[in-house]
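> Starting off with a structure, shown below.
Just so you know, all these numbers are worked out from the coordinates, no wet-lab data involved. Keep in mind that what you see is a predicted model, and the values were worked out from it rather than measured. As a convention, Cβ positions derive from the backbone with ideal geometry for all residues, glycine included, and neighbour counts pool all protein chains shown.
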Amino acid sequence: MFPDTFIYWRESLLGEFWRLWTAHWVHVGWVHFLLNMMAFACLPFIFPHTKAWHLLSLLLLLPPFISLVFYFYLPYIEAYAGLSGVLHGLYTAVALVYLQYRKERNFALLVLGLIIAKLIWENTFGQTGTAQLIGSPVLTEAHLYGAIGGAIFGGCYWIFQRLKKKH
């Protein structure tokens, strides 16, 4: 569906640095693309107080975070395409930020709980249904490390906001 020049290819990654970002925006097919875009489009409706610059920052930080984790810690991953790892990071980070809003705290905890449950489920039982739907194996490692990246970036933002309020 998209040129190979944008996909995460392990052997090409460090020489073609743009793949750190672009791999997360290309997909294996239209169904894969539409599923990811629907999840992306839902985020501002689920979390309406999210600021555009927060999302933009995360969209710049999460893709290279995930790609570099693949490169340095998961050398068996040769190729990757898709936004789902970044989406897991976005939802995790935004839910963590929402913990600061008293009225939104329970909902944020629910979302975080659902993300954790999903990660446990797919790392225990796999994603065969989704893999059949998109026509490609699902790299659950992307979801896990995307959520970890989201927790790191969202947690840093949350701590920064708490410290800023004290001063």
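> Any idea what angle helix 30-46 forms with the longest principal axis of the chain, computed on alpha-carbon atoms, 0 to 90 degrees, nearest 10?
It is inclined by approximately 10 degrees.
> In addition: First measure r as the distance between the Cβ atoms of LEU74 and ILE116, then evaluate 1/(1 + (r/R0)^6) with R0 = 22 Å and state the FRET efficiency to the nearest 0.05.
Calculated value: 0.60.
> Among 40-51, 108-119, 14-25, 156-167, how do they line up by average Cβ neighbours within 10 Å per residue, starting with the highest?
Those peptides, ordered most packed to least, come out 14-25, 108-119, 40-51, 156-167.
> Would you calculate a helix-derived [θ] at 222 nm for the chain, using -39,500 (n - 2.57) for each DSSP H run of n ≥ 4 and dividing by the full residue count, to the nearest 500?
After summing the helix terms and dividing by residue count, I get -22500 deg cm²/dmol.
> Given LYS118/LYS165; LYS118/LYS166; LYS103/LYS166, which pairs have Cα atoms separated by over 31 Å?
In this structure, LYS118/LYS165; LYS118/LYS166 exceed 31 Å between Cα atoms.
> Another question, then. Top mean-square fluctuation among SER12, SER67, SER84, Gaussian network model of the chain, C-alpha springs under 10 Å?
Highest fluctuation of the listed residues: SER12.
> Taking only Cα atoms, what is the 0 to 90° angle, nearest 10, from helix 105-125's long axis to the longest principal axis of the chain?
Helix 105-125 sits roughly 30 degrees off the main axis of the chain.
> Under unit Cβ charges (Lys, Arg +1; Asp, Glu -1), what dipole magnitude, rounded to 20 debye, does the chain have relative to its Cα centre?
1080
> Under a point-charge model restricted to the Cβ atoms of Lys and Arg (+1) and Asp and Glu (-1), what is the dipole moment magnitude of the range 74-158 relative to its Cα centre, in debye to the nearest 20?
Using Cβ point charges on Lys, Arg, Asp and Glu, the range 74-158 gives about 420 debye.
> Taking the simple approach of a point 7 Å from Cα along Cα-to-Cβ for both ALA41 and PHE160, what is their distance in nm?
Distance between label points: 3.1 nm.
> Run the numbers on the chain and let me know its relative contact order in percent, using alpha-carbon pairs under 8 Å that are six or more apart.
Relative contact order for the chain comes out at 28 percent.
> Angle check, please: helix 140-166 long axis (alpha carbons) against the longest principal axis of the chain (alpha carbons), in degrees 0 to 90, nearest 10.
Taking Cα atoms only, the helix is inclined about 30 degrees.
> Sticking with this one: Just going by the charge dipole of the chain, with Lys and Arg at +1 and Asp and Glu at -1 on Cβ, which of ALA41, VAL69, THR124 is farthest out on the positive end?
The listed residue farthest towards the positive side: ALA41.
> With equal scatterers on the alpha carbons only and no solvent term, can you work out the Debye log10 of I(q)/I(0) for the chain at 0.10, 0.12, 0.13, 0.20 1/Å?
Reported log10 I(q)/I(0), two decimals: -0.37, -0.54, -0.63, -1.37.
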